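Let me begin by presenting the structure, written as structure tokens, before commenting on it.
The values are calculated or read from the model by the stated rules, or taken from the named source; none is laboratory data. The structure presented is a predicted model; accordingly, all values stated were derived computationally and were not measured. Cβ sites come from the backbone with ideal geometry, for glycine too, and all protein chains shown count toward neighbours.
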Amino acid sequence: MDSARAAALGLLEALDRPDGSPGPVLQQYEKRLGQAMDFYLKMVEGFYTVPFMEVLLHPHPRWGLAAAVNAMLAGDVEAGWPIRWRLSIFLLLVRLQRHIPIAPKLQF
């Protein structure tokens, strides 16, 4: 819903421009949407890997990594620095988990 609202505001701005060109609002929307889609693609691709699941299912409560992942998956694409750095740490831990067991290994 948030992206639909942002798109509507951008389109209204473009319609108000004499030449009909996209204005800054539509350009900001496009950039924001691209960043959000990049993030969601990383999350979807990662979700189907064992290291991702191992780190996600064994969160360390001190850093709030699971809460940051949940916030973004719930649609908080406007996440500020407190969420973004936690997501960066989470994705780093997932990469490390492939080589160094940071979280307990899942048994299938």
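Counting just the residues of region 23-72 that are among the aliphatic types (A, V, I, L, M) and in contact with a Ser or Thr (Cβ under 9 Å, 6 or more places away or on another chain), which one comes out farthest from I100 (Cα to Cα)?
Taking region 23-72 and keeping what is among the aliphatic types (A, V, I, L, M), we get 25-26, 33, 36-37, 41, 43-44, 50, 53, 55-57, 65-69, 71-72.
Add one more test, that the residue is in contact with a Ser or Thr (Cβ under 9 Å, 6 or more places away or on another chain), and what stays is 33, 36.
Values: L33: 34, A36: 29 Å.
Across region 23-72, the extreme among qualifying residues is L33.
With the structure loaded, tell me whether P18 is of a type outside the set (A, V, I, L, M), assigned by TED's automatic domain parsing to the domain that holds F108, part of a loop (DSSP other than H, G, I, E, B) and surrounded by fewer than 11 Cβ atoms within 10 Å (Cβ to Cβ) or whether it fails that test. Even if it seems obvious, please write down each step before you answer.
Numbers: of a type outside the set (A, V, I, L, M): yes; assigned by TED's automatic domain parsing to the domain that holds F108: no; part of a loop (DSSP other than H, G, I, E, B): yes; surrounded by fewer than 11 Cβ atoms within 10 Å (Cβ to Cβ): yes.
It is false that P18 is of a type outside the set (A, V, I, L, M), assigned by TED's automatic domain parsing to the domain that holds F108, part of a loop (DSSP other than H, G, I, E, B) and surrounded by fewer than 11 Cβ atoms within 10 Å (Cβ to Cβ).
Suppose the filter is in contact (Cβ under 8 Å) with a residue 40 or more places away in the chain, surrounded by 13 or more Cβ atoms within 10 Å (Cβ to Cβ), of a type outside the set (S, T, Y) and touching a helix residue (DSSP H, G or I) at 6+ places or on another chain (Cβ under 6 Å); does E54 pass it?
Details: in contact (Cβ under 8 Å) with a residue 40 or more places away in the chain: yes; surrounded by 13 or more Cβ atoms within 10 Å (Cβ to Cβ): yes; of a type outside the set (S, T, Y): yes; touching a helix residue (DSSP H, G or I) at 6+ places or on another chain (Cβ under 6 Å): yes.
So E54 fits the description; yes.
So, Y40, is that one out of contact with any Phe, Trp or Tyr (no Cβ under 6 Å at 6 or more places or on another chain), farther than 19 Å from A74 by Cβ and not in a loop (DSSP other than H, G, I, E, B) or not?
Values: out of contact with any Phe, Trp or Tyr (no Cβ under 6 Å at 6 or more places or on another chain): yes; farther than 19 Å from A74 by Cβ: no; not in a loop (DSSP other than H, G, I, E, B): yes.
Spelling it out, it is not the case that Y40 is out of contact with any Phe, Trp or Tyr (no Cβ under 6 Å at 6 or more places or on another chain), farther than 19 Å from A74 by Cβ and not in a loop (DSSP other than H, G, I, E, B).
Looking for whichever is among the small types (G, A, S) and modelled with pLDDT of 85 or more here; the options are A8, A4. Which one fits? So that I can check it myself, show each step before the final result.
Values: A4 fails: modelled with pLDDT of 85 or more.
Among A8, A4, only A8 is among the small types (G, A, S) and modelled with pLDDT of 85 or more.
For the subset of region 1-13 comprising residues that are of a type in the set (G, A, S) and surrounded by fewer than 15 Cβ atoms within 10 Å (Cβ to Cβ), which member is farthest from L96 (Cα to Cα)? Talk me through it step by step, then tell me what you get.
Taking region 1-13 and keeping what is of a type in the set (G, A, S), we get 3-4, 6-8, 10.
Subset that is surrounded by fewer than 15 Cβ atoms within 10 Å (Cβ to Cβ): 3-4, 8.
On the way: S3: 33, A4: 37, A8: 41 Å.
Across region 1-13, the extreme among qualifying residues is A8.
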